[in-house]
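Read through the structure below, which is laid out as structure tokens, and then see the notes.
The values are calculated or read from the model by the stated rules, or taken from the named source; none is laboratory data. If you're wondering where the values come from, they're calculated on a predicted model, not measured in any experiment. Cβ atoms come from the backbone with ideal geometry, glycine included; neighbour counts cover every protein chain shown. Note: accessible area is taken over every heavy atom of the protein model, side chains too, but ligands, DNA and RNA are not part of it. Shrake-Rupley method; radii C 1.70, N 1.55, O 1.52, S 1.80 Å.
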Amino acid sequence: MARTPITTQVAIMGAGPAGLMLSHLLAGQGIDSVVLEIRSRQAIQETVRAGILEHGTVNLLVDSGVSDRVLREGDRHDGIELRFNGESHRIDFKELVGESVWLYPQTDVFMDFAARREADGGDVRYSVTDTSVHDLEGKPKVWFTDADGQDFELQADFLVGADGSRSHCRRRIPEAARTQYFHEYPFAWFGILAEAPRSSEELIYANSEHGFALISQRTENVQRMYFQCDPAERAEDWDDERIWAEFRKRVNGNGFELKEGPVLEKMVLPFRSFVHAPMRHGNLFLAGDAAHTVPPTGAKGLNLAINDVKLLFEGLEYFYGSGSTALLDSYSDRALDRVWKAQHFSYWMTSMLHTPTDADDFARARQLGELRSVVSSEHGRAYLAEAYTGWPGR
Ligand code: PHB
């Protein structure tokens, strides 16, 4: 059977927050797009992802007109706690750099954009199969089969690969036309959702001789927490008691006690640092995890994706308004500027807070020296605060 031809201005692979936000912004300027997604809407909605938004990301979401739910239902955080040697040290974002972050899970960002695209009659097709992309250097085409089993050929002026860290689009870029930067870490995160009240007002990033732990939050009654583990660890080998014993060793002490409860979900989350440059090939543009991933310690992943979308949208809007590709031509360089700052910050937070598996006495004492040099200096705290809440300039 022949493929049914369809055309659009911008074909977007991936209906995560990046793909949907771009489609939403383009629609606001009368620019047509089709979004294709291999997962079902339900599956995306049920995936537990990270939850910290920079103030600039919150502004972009609210300014996009999608919803102000982040302001009504998200929690503003004016600082974090760094905990090491059994003591907590507050990094006061508000006082140091005058900014805050918002706890608002990525799943909610997805739901806001998915609902809005649906209400606006946007063309978003979930559960597509057999996707392949062609003619990246000319008029890009995407072959796919929709959820009803019908075959299509989608042709567009531009193709956007917002299809996540295992990006299919990225793989179609010839090797000679790209550089890939990798850094592997010898640890992963063991992540849980637990039914328990909050243990503290703010997030706790804990360094201990037993390894790193992060105490984050979701709601009044459900909390999100992580501890550093071996990447080969298997979640099913850990029952609730073993999990809580691990957290107690890493964060309890000096009058602080974690509030415990039934573990609702548990998972091992490997991570690495990755950058694909340039973020463009011909008429294919990469955005979000398709082009770069960061360790979760700096909470930068979604923020970078939203920044990419902002820049890409400006480039596409300018092109359709003026015929000039100037902003599209500089997209990759401008996006990578922030990507590499975030790569450095995420690497730094990860190496400062995690315990190296082969740590000798020198490594451990040096790490504590590094942590003290940050928390005891206003400049050190301000450096962390500025990076965590998001550098100015967008
Ligand atoms: C989360 O709440 O899932 C979370 C928060 C901060 C991080 C990473 C993950 O740095």
Checking the cross-link filter: which aspartates and glutamates have an alpha carbon closer than 20 Å to that of Lys259, excluding same-chain neighbours under 8 positions apart? Asp75, Glu81, Glu87, Glu195, Glu201, Glu202, Glu220, Asp239, Asp240, Glu241, Glu246
Rounded to the nearest whole Å³, what is the per residue volume of the convex hull around the Cα atoms of the stretch 70-184? 232 Å³
Overall Cα dimensions of the stretch 12-108, principal axis frame, Å, largest first: 52, 28, 21
If each K or R counts +1 and each D or E counts -1, the residues other than Asn254 whose Cβ falls under 12 Å of its Cβ total -1
Rg and Dmax of the stretch 143-187, Cα atoms, in Å? 15.3, 44
Using a 1.4 Å probe on the protein heavy atoms, what percent of the accessible area of the stretch 247-393 belongs to carbon and sulfur? 54 percent
Cα-based convex hull, the stretch 169-219, per residue volume (Å³, whole number): 173 Å³
Give me a comma-separated list of calculated 3J(HN,Hα) values for the stretch 104-120, in order, Karplus coefficients 6.51, -1.76, 1.60 applied at θ = phi - 60°, integers in Hz, x for any Gly or Pro. 7, x, 3, 4, 6, 4, 4, 4, 4, 6, 4, 5, 5, 4, 5, 4, 8
Hits in the stretch 335-377: amide N under 14 Å from the 7 Å Cα→Cβ extension of Glu87, namely 368-377
Residue-normalised value, i.e. accessible area per residue, for the stretch 117-157 at 1.4 Å probe, in Å², stands at 49 Å²
The whole-number value in µm²/s of the Stokes-Einstein translational diffusion coefficient for the chain, with Rh from the Kirkwood sum over alpha carbon pairs at 10 °C and 1.306 mPa s, is 72 µm²/s
In what order, largest first, do Ser376, Ser165, Ser199, Ser346 sit by accessible area if the probe radius is 1.4 Å? Ser376, Ser165, Ser199, Ser346
State the three equivalent ellipsoid semi-axes of the stretch 77-136, derived from the C-alpha gyration tensor as the square roots of 5 times its eigenvalues, in descending order and whole Å. 42, 17, 12
Beta carbons within 10 angstrom, averaged per residue: use that to sort the peptides 118-130, 4-16, 382-394, highest first. 4-16, 382-394, 118-130
Looking only at the chain, where both bridge partners belong to it, what percent of the DSSP beta bridges are antiparallel (to the nearest 5)? 70 percent
With a 1.4 Å probe and every protein chain left in place, tell me how much accessible area Trp189 has, in Å² to the nearest 10. 10 Å²
In a shell of Cβ-Cβ distance under 13 Å around Tyr347, excluding Tyr347 itself, what net charge do Lys and Arg (+1) and Asp and Glu (-1) give? +2
At 222 nm, what value in deg cm²/dmol follows for the chain if DSSP H runs of at least 4 each add -39500 (n - 2.57) and the sum is divided by all its residues, to the nearest 500? -11000 deg cm²/dmol
Rg in Å to one decimal, and Dmax rounded to a whole Å, for the stretch 189-344 via C-alpha atoms: 20.2, 64
So how much accessible area does His77 have, in Å² to the nearest 10, using a 1.4 Å probe? 10 Å²
Can you put Lys266, Lys310 in order of accessible area, largest first, using a 1.4 Å probe? Lys266, Lys310
Give Lys310/Lys341; Lys141/Lys341; Lys94/Lys300 a once-over and call out the pairs whose C-alpha atoms are over 24 Å from each other. Lys141/Lys341
